[in-house]
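All remarks here apply to the structure that follows.
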Amino acid sequence: MFNKFLPTMMVVFCFLTIAGCSSTVPVSSKVPSYKVTPPTDTSLYQYLQPSLVQHPNKTGVLPLGTGVDAFIARLAVVKAASRSIDLQYYIYHNDETGRILLWELIDAADRGVRVRMLLDDLTTKNLDEGLIVLASHPNIEIRLFNPSYDRAFRGLEMLTGFSRLNRRMHNKSLTVDNLITIVGGRNIGDEYFSKNEDVDFGDFDLLTIGAAVDKVSDQFDLYWNASMVYEIESLVEPITPSRLANAEINIAQQKANFKDDEYLHRLESSALLSEIHKSHVEWFWGDAEVVYDPPEKATSEDRQHWLMSDLTHFLSQAKQQVLLVSPYFVPTQKGTEALISAVQSGVKVTVVTNSLAATDVLAVHAGYQKYRRQLVENGVTIYEMKVDVNNRPSAWKGSSRSSLHAKTFVLDSQAVFVGSFNFDPRSAWINTELGLIFDNPAFASSMLTDIELILLDNSYRLAIEDGELIWFDRYQSKTYYAEPQASFWRKFMADFIGLFPIESQL
């Protein structure tokens, strides 16, 4: 039997070997660059200065809870840029919001602003030509984190180099003039800014000024100059003058053909936009700590300085309550025991995550569902978010109209973590992450109040009844005895995936 398959195995082995050898490490000649000194002669500085003077050495934050406000904030800060724009994202989609923001970045570069774009390479498969076109602008630099070296056969390289390419940069930040930054859970794409008709990720960001901004810039510089980051020019062949000219014509045509649609009216009607124009932005002020993984997490097992250590310390300080909001919640057995131990010590622990019907990643729910009964039985309160009944996800993948995507932890009505970190093994041990720990009781209390109001109408609370796990809908006063709103096939697939030993990758 073995001899029968030996020729085929040899062909596969040779093919993989050749493919692996062909993916040689590109020669990188990138020149280090760093954050700018915050300018004091610009309109943005003049706009922010009165608030900054009143709160020296403090950080001011403004919550961005809606997709429209989150997009308006990004457009506003990019339009206000005079010296530099540092953009760092896991995903940047070539869709309507992605293009609108890109046009603003090009306009900023045209007026002399230095634009540095740092993207994770996992989802840039169809963006190479567009990225090399952008990088041809004298004021735009583009670098990719831990990229595929073979741009034509990425899938094959993922097979042959999985241990390296499995590690991704999940950080999200947008910093302008080293004066103002946006950090949180949103990537760049229609589904994050309430523009996609099929899916709307309920996410959360902080528009941030003050002391924390410089620390976010330090984080960006660390990644920008890291050894596992490559400039796009070292990965993609240079674009010819004729192709560049055609690309510039296409961009101009896209802008000219962009139609005034309903989404633009929503942007123009944004309450945040009105507050910005009237200088009525009400910042929350307090002490802040910027926490992040080092870029070397992609190549090193030294966990001492990983973000997980900072979050473990942060959560261990809870004396009364901890609220964990995480769309992808896979606590692992060790994490489950830690949460139960906190409850036994007198701390109220509440977890908010997606229901099976609402999740956009079935594998994550498969990893989570094995722990939820143990958590509920031992006093951890769990809420699962509902799905839009008019737009249910398919059995095989997530495409719900509304899906929780925010990553927020609230501690003792005192401090809040907002960032890119999911409460799962991938965020803890594989991907790099970024977040802000902000200390302000009024802000923390408002977060708790807002989340409680959302949960009243849009969630199920899990409980144990007669030895069985149940889902209680407080809004409708209705009890479910199986995964609510989820189809048979969706339940089957979650159970089936749960049989595989893949928790460490979730």
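The values are calculated or read from the model by the stated rules, or taken from the named source; none is laboratory data. Predicted, not measured: the structure shown is a model, and the values here were computed from it. We place every Cβ from the backbone using ideal geometry, glycine too, and count neighbours over all the protein chains shown.
Of note:
- Residue match in the stretch 417-436 (condition: at pLDDT 95 or above, within 25 Å of Gln374 (Cβ to Cβ) and in contact with a strand residue (DSSP E or B) (Cβ under 6 Å, 6 or more places away or on another chain)): yes
- Within the stretch 304-345, considering residues that are closer than 25 Å to Thr449 by Cα and hydroxyl-bearing (Ser, Thr, Tyr), the one surrounded by the fewest Cβ atoms within 10 Å (Cβ to Cβ): Ser345
- Counting only helices (runs of 4 or more DSSP H) wholly contained in the stretch 136-239, the ones carrying 1 or more residues that are crowded, with 21+ Cβ neighbours inside 10 Å and under 17 Å from the mean Cα position of the chain (by Cα) occupy 211-224.
- Any hit, the stretch 378-386, residues being touching an Asp or Glu at 6+ places or on another chain (Cβ under 8 Å), outside any helix (DSSP H, G or I) and modelled with pLDDT of 95 or more: no
- Within the stretch 270-326, the residues that satisfy the criterion of being of a type in the set (Val, Ile, Thr) and over 21 Å from Val213 (Cα atoms) are Thr299, Thr312, Val322, Val325.
- Test: residue in the stretch 461-468 that is within 19 Å of Gly202 (Cβ to Cβ), of a type outside the set (Asp, Glu), in contact (Cβ under 8 Å) with a residue 60 or more places away in the chain and surrounded by fewer than 20 Cβ atoms within 10 Å (Cβ to Cβ): yes
- Helices (runs of 4 or more DSSP H) contained in the stretch 1-87 and holding at least 1 residues modelled with pLDDT of 65 or more and either surrounded by 10 or more Cβ atoms within 10 Å (Cβ to Cβ) or on the phi > 0 side of the Ramachandran plot (or both): 43-54, 67-80
- Flag for Phe438 being in contact with a Gly (Cβ under 9 Å, 6 or more places away or on another chain) and either surrounded by fewer than 16 Cβ atoms within 10 Å (Cβ to Cβ) or in contact (Cβ under 8 Å) with a residue 12 or more places away in the chain (or both): yes
- Scanning the stretch 483-506 for residues that are outside any helix (DSSP H, G or I) and surrounded by 13 or more Cβ atoms within 10 Å (Cβ to Cβ) returns Glu483, Pro484, Gln485, Ala486, Ser487, Gly498, Ile502, Leu506.
- Scope the stretch 107-129; condition surrounded by 17 or more Cβ atoms within 10 Å (Cβ to Cβ) and of a type outside the set (Asp, Glu); matching residues: Ala108, Ala109, Val113, Arg114, Val115, Arg116, Met117, Leu118, Leu119, Leu122, Thr124, Leu127
- Residue match in the stretch 277-294 (condition: charged (D, E, K, R), more than 28 Å from Ala342 (Cβ to Cβ) and modelled with pLDDT under 90): yes
- Qualifying residue in the stretch 117-126 (condition: in a helix (DSSP H, G or I) and not aliphatic (A, V, I, L, M)): no
- Candidates Ala366, Ala357 - the one that is surrounded by 18 or more Cβ atoms within 10 Å (Cβ to Cβ), in the same structural domain as Ile454 (by TED's automatic domain parsing) and part of a helix (DSSP H, G or I): Ala366
- Condition check for Arg392: outside the structural domain of Phe220 (by TED's automatic domain parsing), charged (D, E, K, R) and either modelled with pLDDT of 95 or more or in a strand (DSSP E or B) (or both): no
- Listed by first and then second residue, the pairs linking a residue in the stretch 243-256 that is within 19 Å of Asp95 (Cβ to Cβ) to a residue that is not in a helix (DSSP H, G or I), with Cβ atoms under 8 Å apart and 6 or more places separating them unless they lie on different chains, are Ala247/Ile239.
- Taken over the stretch 88-106, the criterion of being within 18 Å of the chain's Cα centre (by Cα) and in a helix (DSSP H, G or I) is satisfied by Thr97, Gly98, Leu101.
- Residues that are under 23 Å from Ile106 (Cα atoms) and part of a loop (DSSP other than H, G, I, E, B) within the stretch 245-296 comprise Phe258, Lys259, Asp260, Asp261, listed in sequence order.
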